[in-house]
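The values are calculated or read from the model by the stated rules, or taken from the named source; none is laboratory data. Given the structure is predicted, the values throughout are model-derived calculations rather than measurements. Because the Cβ atoms are built from the backbone with ideal geometry, glycine has one as well, and the counts that use them run over all protein chains shown. Each accessible area value is taken on the protein alone, full model and side chains, heavy atoms only, with ligands, DNA and RNA left out. Shrake-Rupley method; radii C 1.70, N 1.55, O 1.52, S 1.80 Å.
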Amino acid sequence: MLSIILKRLTQSVVVLFLVALISFLIFRYVGNPVDNLLGQEATVQQRAALEEALGLNQPIYEQYFDFVWSALHFDFGNSYRGALPVAELISSRLPATLELAFMSALFAIIIGIITGVYTAIRRNSFLSKFILSISLIGVSLPTFLIGVLLIWLFAVELKWLPSFGRGETIQLGWWSTGLLTLSGLKSLILPSITLGLYQLTLIMRLTRSEMLEVLDQDYVRFVRALGLSNKQVHFRHALPNTLIPVITIAGLQLGSIVAFAIVTETVFQWPGVGLLFINSVYFVDIPVMSAYLLLVGGLFVIINLIVDLLYLIIDPRIRDNQLIGKA
Amino acid sequence: MNRFLKSDFFYDFLRAPIAVASFVVVSTLILLALLANFIAPTNPFDPASLNLMNGFTAPMEPNAFTGEIFLMGTDDQGRDLFSAILFGLRVSLFVGLMAVLLATVIGVFLGLIAGYIGGWLDSLIMRLADIQMTFPSILIAMLIYGVARGVLPPELRDEMAITVLILSIGLSEWVSIARTVRGSTLVEKEKEYVAAARLIGLNHSRIMIRHILPNVLSPVLVIATITLALAIIAEATLSFLGVGAPPTKPSLGTLIRVGQDFLFSGEWWILLFPALTLLALALSVNLFGDWLRDTLNPRLK
């Protein structure tokens, strides 16, 4: 058991260093930092001075360890645009993305589990079939199109909800929150639905199939035979057993929520990290790109590690067979 | 051809209405894109053919100034939307197909080598695939796009945008193909015909290409079709975000991006028609891919 955990940990560390290496290579070699900071007209002396200051004349492995070391201290250098520290840019935009990701995960999990359970229990009802066919269409629609269509319906035609931005925010220390104002909450609705819809359909289908499987098992038949009511059978005995895989899959989906937040944030002009990243791609702002890669890469590795370790604890079959998940 | 018409495959095809319908839609769209030059009433990218007076004409309604009628209306510059969609469709399909081709070539090559040669090369390739799998492919595509933009000199960025787009989507989608090919290769290389080929002294590359490759291609066809739908959506997403096809060579995604700006002023058609075209394309490629998977290789489900 311990050896598996150690092996898994080493794997994650190796992947982390690889991700760091890629972001370092991007940071160091894509576009010339000296040109970007000084412009083409700088003198040779100015260039040499800056190279010295940035440490570009040191051996390459030393530069790499410097890069990792500063990254561990949340120092990612300065953005080429506006010359602000990248760490500051990211931390000022992080609350917006985290609140959006949190709300859409919440939306996906709650609605996903409710509809999943419903469509499993009332398998043949009209509403179940309706929900399932709608979800099929939902899966085929690209995220950005869902966002645009929601804006069209709820912001342009019905004028119920705002179409862009976070609304009013309140500053709590360094964290700016939109959860405490009415306009902030209203602004969260459409982006959260857009971002969460795909995860919702996934969670719904998973809950449904797990529930159907569990309802077919002997112990469920047994508690039914004991004369428990349908409600008790479904919610006290069946539901908890379906939730383990659902929660793990939902956890794994956190990564793709972060990735697709880029798309959602662009559609709704949501001032988060994703919008920062897509702008950095557009304007070739290398330090921001490499810092984003590092952060998101780190996040993914950690999520995968936690999910794998959870599996190890939950499922003794994996423990015994020494099956090990992927990095 | 006669053999094909009498095959089980064709028989199954004719009896699956969804397959026939999606195939018809896809081939119609491909034809429209190929023949865009002849079908399109105007050349949407020739500034001389544009008449600003025609701007914002609603579909099928005569323009207030010129009296011209446009099937799908016009955009702000008086560009015929139907023509723009035909040419946009061509860009979307071209990028999608080329990206899948690239992904297939890389995937088949690496998968064959990993499966046939095995050993440390296999571990290396599969580890790489594992790592790439943990990141969503759209994120990888964006990153490659950004890096390529950084490497290119600014004046070439728009010109090379389509190539860069193909490269970034192709490189982000090879993993599933490589995995499938590796899996099938592992099975095939244990079979007698491979042993026989080795026995008569054929070299490894010949065995891989002439003997194993043809036998692992049918799952590749399935995965490539499904990947095509993914690639088309990825291209549309990147272009919609402004990091894909340039405004001078718009794809469906670029057109939707432009259309979104006019939603608030009530010109809904500039958004709706490109969006519907994209939806029809992605949906029918997806459905056809699903049917192909069920028919050719039920195990892939």
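Mind telling me which of A:Leu212, A:Leu94, A:Leu180 comes out most flexible in a GNM of chain A, alpha-carbon contacts under 10 Å?
Looking only at A:Leu212, A:Leu94, A:Leu180, the largest GNM fluctuation is found for A:Leu180.
Step through the residues of region A:54-69 one at a time and calculate ³J(HN,Hα) from phi using the Karplus curve (6.51 cos²θ - 1.76 cosθ + 1.60, θ = phi - 60°), rounding each to whole Hz and writing x for Gly and Pro.
7, x, 6, 8, 7, x, 5, 5, 5, 4, 4, 5, 4, 4, 5, 4
In Å², rounded to the nearest 100, what is the total accessible surface buried by chains B and A against each other with a 1.4 Å probe?
Interface area, both chains combined: 3400 Å², rounded to the nearest 100.
Work out how far the C-alpha atoms of region A:87-272 reach from end to end along every principal axis, then list the three figures in whole Å, largest first.
Cα spread of region A:87-272 along its principal axes, largest to smallest: 60, 37, 27 Å.
For A:Asn78, which sequence-distant residues (separation of 5 or more, or a different chain) have an amide H within less than 5 Å of its own amide H, given hydrogens modelled in the peptide plane?
Those lying under 5 Å, H to H, from A:Asn78 are A:Val86.
When the chain is fully extended, how far beyond the present Cα-Cα distance does A:Lys129 get from A:Leu9, taking 0.36 nm per residue of separation?
Value of the extension gain: 38.8 nm.
Work out, in µm²/s and without decimals, the Stokes-Einstein translational diffusion coefficient of the protein assembly as shown at 20 °C, 1.002 mPa s, Rh from Kirkwood over C-alpha pairs.
The Stokes-Einstein estimate is 79 µm²/s.
Using a 10 Å cut-off on Cβ to Cβ distances, tally the other chain neighbours for every residue of A:283-294 and report the average as a whole number.
Per residue, the number of nearby Cβ atoms from other chains is 3 on average.
Within the protein assembly as shown, how many Lys pairs that are eight or more residues apart, or on different chains, come under 30 Å at the alpha-carbon?
Value for the protein assembly as shown: 11.
Would you mind telling me which residue in B:Leu272, B:Leu255, B:Leu86 has the biggest mean-square fluctuation in a Gaussian network model of chain B, where springs connect alpha carbons within a distance under 10 angstrom?
B:Leu272
As a test of the formula, what do you get for the protein assembly as shown when each DSSP H run with n ≥ 4 contributes -39,500 (n - 2.57) and the sum is divided by the residue count, at 222 nm and rounded to the nearest 500 deg cm²/dmol? Don't skip to the end; give the middle numbers.
Numbers: 26 runs with 435 residues, N = 628.
Dividing the helical sum by the residues of the protein assembly as shown leaves -23000 deg cm²/dmol.
Compute the Cα gyration tensor for chain B, then decide on rounded, prolate or oblate, letting a ≥ b ≥ c be the square roots of its eigenvalues: rounded whenever a/c is under 1.5, prolate when a/b is larger than b/c in the other cases, and oblate in all that remain.
Here chain B falls in the prolate category.
Averaged over A:8-21, how many beta carbons belonging to a partner chain fall within 10 Å of each residue's beta carbon?
Taking all residues of A:8-21 together, the mean is 1.
Sort chain A into rounded, prolate or oblate with this rule: let a ≥ b ≥ c be the square roots of the eigenvalues of the Cα gyration tensor; rounded if a/c is under 1.5, and if a/c is not under 1.5, prolate when a/b is larger than b/c, oblate otherwise.
Since a/c reaches 1.5 but b/c is at least a/b, the shape of chain A is classed as oblate.
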